[in-house]
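The values are calculated or read from the model by the stated rules, or taken from the named source; none is laboratory data. Please read these numbers as outputs of a predicted model, since none were measured by experiment. Here Cβ is always computed from backbone atoms with ideal geometry, including for glycine, and neighbour counts include all displayed protein chains.
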Amino acid sequence: MTARKKRSLVSIVGANISRRRKELGLTQAEVAEKLDMGGDSLSRIENGVVAPRFQRLEEMAVVLDCAVVDFFRRAGDPLWVKLSPVEDLLRSLPPEAQDGAVCLIKDMAELIKKYYNSH
């Protein structure tokens, strides 16, 4: 793997960590404290300067309430990749609840489709 591709992956991971932290309304200092690390270390990770170790990624996923794989997703990923977290959530439901959840998702997609078709 070239240095450019490595840098790209480190940047993707860092940007996703930063995005998730901001979605939760947390500051770098708050997350760094929960992870028992320095704020400067978290900043370097979020800015794609250094790559976190696997153990640290697992800790971050717990603190940021997401899956580790979420840190590796890209905006241009195909639909099946984007749906993977939804599938994981559905699998965690009891079988009788899975059908209802799928129906809700389908209905929501239909509403969104109607909205976009009308604008």
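Within the group Ala15, Ala32, Ala51, Ala67, which residue is outside the structural domain of Ser92 (by TED's automatic domain parsing), touching a Pro at 6+ places or on another chain (Cβ under 9 Å) and among the small types (Gly, Ala, Ser)?
On the way: Ala15 fails: touching a Pro at 6+ places or on another chain (Cβ under 9 Å); Ala32 fails: touching a Pro at 6+ places or on another chain (Cβ under 9 Å); Ala51 fails: touching a Pro at 6+ places or on another chain (Cβ under 9 Å).
Of the residues listed, the single one that is outside the structural domain of Ser92 (by TED's automatic domain parsing), touching a Pro at 6+ places or on another chain (Cβ under 9 Å) and among the small types (Gly, Ala, Ser) is Ala67.
Going through the stretch 59-73 one residue at a time, which ones are of a type outside the set (A, V, I, L, M) and touching a helix residue (DSSP H, G or I) at 6+ places or on another chain (Cβ under 6 Å)? Give the steps one after another, and end with the answer.
Within the stretch 59-73, the subset of a type outside the set (A, V, I, L, M) is 59, 65-66, 70-73.
Cys66, Phe71, listed by residue number.
Tell me, which residue of the stretch 33-62 that is part of a helix (DSSP H, G or I) and touching a residue at least 40 places away in the same chain (Cβ under 8 Å) is surrounded by the most Cβ atoms within 10 Å (Cβ to Cβ)? Full working, then the answer.
We begin by selecting, within the stretch 33-62, every residue part of a helix (DSSP H, G or I); these are 33-34, 39-46, 54-62.
From what is left, the residues that are touching a residue at least 40 places away in the same chain (Cβ under 8 Å) are 57, 60.
Working: Leu57: 17, Met60: 24.
That would be Met60.
Given the conditions (1) in a helix (DSSP H, G or I); (2) touching a Leu at 6+ places or on another chain (Cβ under 8 Å); (3) within 27 Å of Glu87 (Cα to Cα), which single one is not true for Val69?
(2)
Find the residue count for the stretch 63-87, including only residues that are surrounded by 13 or more Cβ atoms within 10 Å (Cβ to Cβ), among the β-branched types (Val, Ile, Thr) and at pLDDT 85 or above.
3
Based on this model, can you work out whether Leu90 counts as surrounded by 14 or more Cβ atoms within 10 Å (Cβ to Cβ) and either outside the structural domain of Ile105 (by TED's automatic domain parsing) or over 30 Å from Ala109 (Cα atoms) (or both)?
Numbers: surrounded by 14 or more Cβ atoms within 10 Å (Cβ to Cβ): yes; either outside the structural domain of Ile105 (by TED's automatic domain parsing) or over 30 Å from Ala109 (Cα atoms) (or both): no.
No.
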